[in-house]
Amino acid sequence: MSVKTASPIPAITRVWADQPLTVKGLVVVALPLAILISALTLLFLASRAETVAEDDVRLAFAIQRDTHQVHALLAEAAGGVRGYLLTRQARFLDPYHKAEAELPATLERLDKSIQDQNVRERFERVVLLTGQKRSGLSALLDRAREGSGDSDTQAMQVALESNKAVLDALRQEIDLIQRLESDLLDVRRQRVDDVRARYLGLTTVSGIVGLLGSLLAVYLFSTGIVRRVQRLEGNAHRLEQGLELEAFPQNRDEIGNLASRLERASALLRAREQALREGEERFRLVIEGVRDYGIFALDPDGYVTSWNTGAQRIKGWHADEILGQHFSRFYPAETRTFLPSEILSRAARNGTAEDEGWRLRKDGGRFWANVVVTALRDETGVLRGFAKVTRDMTDRRRAEEALLVAREEAVAASLAKSEFLSRTSHELRTPMSAILGFAQVLELDEAQMSATHSSAVQQILKAGRHLLSLIDELLDISSIEAGGADLKLSDISLQDVFDEARDLASPLLRAAGLRLVLESPTPGLSVRADRRRTIQVMLNLLTNAAKYARDGEIVELAWREENNRVRFEIRDEGPGVDAADVSRLFTPFDRLGHSKVRGTEGTGLGLALSKRLVEAMGGEIGFAKRPSGRGAVFWFTLPAGRPCSSG
Amino acid sequence: MTDFVATKDLLSRRILVIDDEEANVLLLQTLLEREGYQNTLCLTDPGEALEAFVRFDPHLVLLDLMMPGTDGYQLLEAFRRQGKPGAFRPVLVLTADTTVNARRRALALGARDFVGKPFDIVEIGLRIANLLEMQILYERLSGARI
């Protein structure tokens with residue numbers, strides 16, 4: 001691995017950067033650790049090699065010491081034997097016994113320790129010589145104990161001489177061994193020094209390699225993680241401040257992923273910001289462009305912070321002139337002291353406040369404004385200001401005022417008209433009351449009158465009653481026209497209406513020699529109308545038939561349903577109406593000259609009154625020629641009602 | 001005159017007529033005389049009506065509504081205030097204003113009956129007699145109870 005990272009080729013850096021953080025972390029921790037372990041192993045091996053070399057040195061010293069010991073023991077034993085021979089005192093034999101006791105063990109130790117071949121050859125000589133010396137000494141002692149001593153001095157002399165010669169040979173061998181071992185010691189010491197030097201070098205190298213490896217790990221950590229994390233943090237900071245991000249290498253490890261996520265987030269934020277800005281811009285343009293509404297914003301204290309075209313148009317101030325001014329200057333003096341603050345506190349309390357009233361333009365002129373103030377709060381609920389929408393309602397206000405005046409005038413006119421009708425009714429009826437009343441008084445005394453007087457009284461009564469019905473119908477028409485018809489609309493059964501009309505009209509028709517033919521209505525069929533007035537219209541038309549169609553035989557009352565309406569037809573067999581006169585049929589007082597010719601009675605108001613009544617009930621009235629050409633058809637329609645269960 | 005009340009009692013009742021129109025007053029006076037009522041007081045000035053009401057203490061008042069100065073409605077209210085509690089003092093309103101409003105207002109103010117002008121004199125005669133008869137019976141009842 002150290003080989004791999006040692007060559008800083010960009011591709012390798014790239015591969016390194018692409019590794020997951022786990023691998024990077026492993027490498028950064030394992031690299032110095034491996035180097036440390038190898039260095040420790042080397043040191044261990046070195047220390048073991050040194051120990052082995054030192055053991056060899058110690059062994060050489062032991063061999064020297066032991067060979068020296070062998071020589072010393074034998075020399076002292078020989079000295080002791082010599083002393084015993086001279087003195088015959090047993091205490092001189094102590095070194096001899098000591099040598100006899102220790103020599104075998106010492107020789108055995110040497111036998112184990114000696115490894116070098118030359119030394120072993122010498123050692124075998126030493127063993128041999130040691131044996132000769134010990135047996136020589138032993139023979140000397142035996143002879144001394146057997147003989148009387150100086151009798152065999154010559155033989156003793158010879159034995160001592162030979163022993164000495166053996167000891168000298170032994171000394172020579174031992175010196176050789178000592179020399180050989182000394183040489184060996186030098187060699188081994190040299191080896192220990194070599195081993196030490198080698199392992200010192202190895203330790204130094206491994207220390208250097210470990211240092212380099214650590215530095216490399218730090219470098220890798222720095223390039224692979226720390227620096228990139230720092231750059232990433234910088235990008236995060238830029239993102240926080242809404243700045244554009246720095247380009248970041250597209251690596252596949254976690255940091256790379258994080259970086260690309262950050263970039264995507266930044267792009268998303270930018271796109272949103274852009275969209276928001278565009279939306280706000282559009283919104284601002286729309287608001288600024290609105291001309292019919294004055295839209296402007298106030299800060300929480302009521303100072304103007306924005307101003308649109310509509311506000312400029314309605315109030316007259318240009319944005320430059322009014323921004324930063326307090327909005328109370330839009331209010332006339334009489335409301336300026338309390339209304340502005342009142343509206344703002346109402347809006348702050350309820351979220352929104354509406355007001356209508358006079359406001360001032362820049363030129364001092366007034367306009368009638370409809371104002372809606374909305375409190376603007378941020379997400380934490382803190383009041384940020386107000387939005388104010390003002391509409392110029394002056395035209396509407398003027399129209400309303402005009403309408404109010406017109407309505408009051410209309411009510412007054414209607415009242416005046418009712419008052420007039422009431423008074424007219426009174427003024428006309430009061431004299432009629434006297435005329436008819438006194439005529440009736442006279443009538444009561446008819447028996448005492450002459451025929452002429454009696455006829456005169458009857459004429460007064462007849463003309464008076466006619467005049468009275470004229471007055472009634474005239475007032476009726478007038479009151480309908482004044483809107484005072486007082487209609488009670490309800491669903492009324494056709495059957496009921498027909499029954500009542502027949503009961504009321506039959507006697508009159510019979511008197512005129514006519515027969516009433518009714519078309520039976522469908523049970524349950526009804527019209528939405530005023531019952532009394534409907535019957536009044538029906539009777540009117542039937543009475544007309546009785547008056548004008550006396551040359552016929554029957555009068556028909558028919559009906560049919562059409563388009564959610566019910567159409568009634570009153571058909572007679574009389575002379576009908578001339579085409580030229582049809583348009584005047586429903587005109588008041590136009591009796592088409594019939595009265596004079598035929599002597600029919602009537603006010604000339606019946607059809608006019610019927611027309612107004614039918615129209616007041618939402619229907620129509622008209623005249624049609626019969627297909628046969630003879631007779632008249634008067635028709636009227638009324639809105640159909642909901643079906644009645646009564647039938 | 002009726003089954004329950006003696007004609008003498010009926011005809012001795014005091015009747016006050018108030019109408020600014022002289023012809024009408026005359027008509028009513030003629031009517032009352034023909035019927036045989038003996039105690040009638042006729043006024044054409046409504047300003048004198050209240051004083052006459054107190055002084056004359058009529059059993060029945062025939063009252064016109066539309067009059068200059070003090071009109072019939074004001075008089076109706078004044079009569080009601082003057083009337084003794086528990087007393088039955090009917091007012092018959094006779095008016096040429098036959099509108100529904102006039103009728104309702106007069107009846108609400110305490111008029112006992114309402115007849116539009118022009119009227120049938122026979123009918124008026126009967127209505128007057130009815131009211132007085134009812135009054136006499138009422139008095140008998142309350143007297144008996146006391």
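Figures for the structure shown
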| quantity | calculated |
| --- | --- |
| Near pairs, Cβ below 7 angstrom, 6+ apart or cross-chain, from the stretch B:21-45 (within 14 Å of chain A (Cβ to nearest Cβ)) to any residue that is of a type in the set (S, T, Y) | B:E21/A:T430; B:E22/B:T44; B:N24/A:T430; B:N24/A:S433; B:V25/B:T44; B:Q29/B:T40; B:L32/B:T40 |
| Residue in the stretch B:69-91 that is within 14 Å of chain A (Cβ to nearest Cβ), among the aliphatic types (A, V, I, L, M) and at negative phi present | no |
| Filtered residue count, the stretch A:453-468, keeping only those that are within 13 Å of chain B (Cβ to nearest Cβ), surrounded by 14 or more Cβ atoms within 10 Å (Cβ to Cβ) and not hydrophobic (A, V, I, L, M, F, W, C) | 2 |
| Any hit, the stretch A:587-605, residues being touching a Leu at 6+ places or on another chain (Cβ under 8 Å), surrounded by fewer than 16 Cβ atoms within 10 Å (Cβ to Cβ), modelled with pLDDT of 80 or more and part of a loop (DSSP other than H, G, I, E, B) | no |
| Failed condition for B:M66, given (1) outside any loop (DSSP other than H, G, I, E, B); (2) crowded, with 17+ Cβ neighbours inside 10 Å | (1) |
| From A:G552, A:G576, A:G619, residue being at pLDDT 80 or above and part of a loop (DSSP other than H, G, I, E, B) | A:G619 |
| Odd one out for A:F438, checked against (1) modelled with pLDDT of 90 or more; (2) away from every other protein chain (no Cβ under 14 Å); (3) over 60 Å from the mean Cα position of the chain (by Cα) | (2) |
| Members of the stretch A:467-508 found to be assigned to a helix (DSSP H, G or I) and closer than 21 Å to A:T522 by Cβ, listed by number | A:L494, A:Q495, A:D496, A:V497, A:F498, A:D499, A:E500, A:A501, A:R502, A:D503 |
| Whichever residue in the stretch B:17-38 is under 22 Å from B:R89 (Cα atoms) and among the β-branched types (V, I, T) and, among such residues, is surrounded by the most Cβ atoms within 10 Å (Cβ to Cβ) | B:I18 |
| Selected residue [in contact with a strand residue (DSSP E or B) (Cβ under 8 Å, 6 or more places away or on another chain) and within 14 Å of chain A (Cβ to nearest Cβ)] from B:G125, B:G110, B:G116 | B:G116 |
| Elements of type strands (runs of 3 or more DSSP E) in the stretch A:253-363, at least 1 residues being closer than 21 Å to A:V373 by Cα and over 36 Å from the mean Cα position of the chain (by Cα) | A:352-360 |
| Candidate set from the stretch B:92-107 (those that are of a type in the set (A, V, I, L, M) and buried (at least 17 other Cβ atoms within 10 Å of the Cβ)); member that is nearest to the other protein chains (Cβ to nearest Cβ) | B:A96 |
| Residue among A:W368, A:W358 that alone is surrounded by fewer than 17 Cβ atoms within 10 Å (Cβ to Cβ), in the same structural domain as A:I322 (by TED's automatic domain parsing), under 26 Å from A:S345 (Cα atoms) and aromatic (F, W, Y) | A:W358 |
| Which listed residue, of A:E409, A:E427, A:E401, is within 25 Å of A:I477 (Cβ to Cβ), in a helix (DSSP H, G or I) and more than 14 Å from every other protein chain (Cβ to nearest Cβ) | A:E409 |
| The stretch A:385-398, residues that are modelled with pLDDT under 90 and either more than 25 Å from A:L339 (Cα to Cα) or among the basic types (K, R) (or both) | A:R391, A:R396, A:R397, A:R398 |
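The values are calculated or read from the model by the stated rules, or taken from the named source; none is laboratory data. Owing to the predicted nature of the structure, the values given are computational and were not obtained by experimental measurement. Note that each Cβ is placed from the backbone with ideal geometry, even for glycine, and that neighbours are counted across all protein chains shown.
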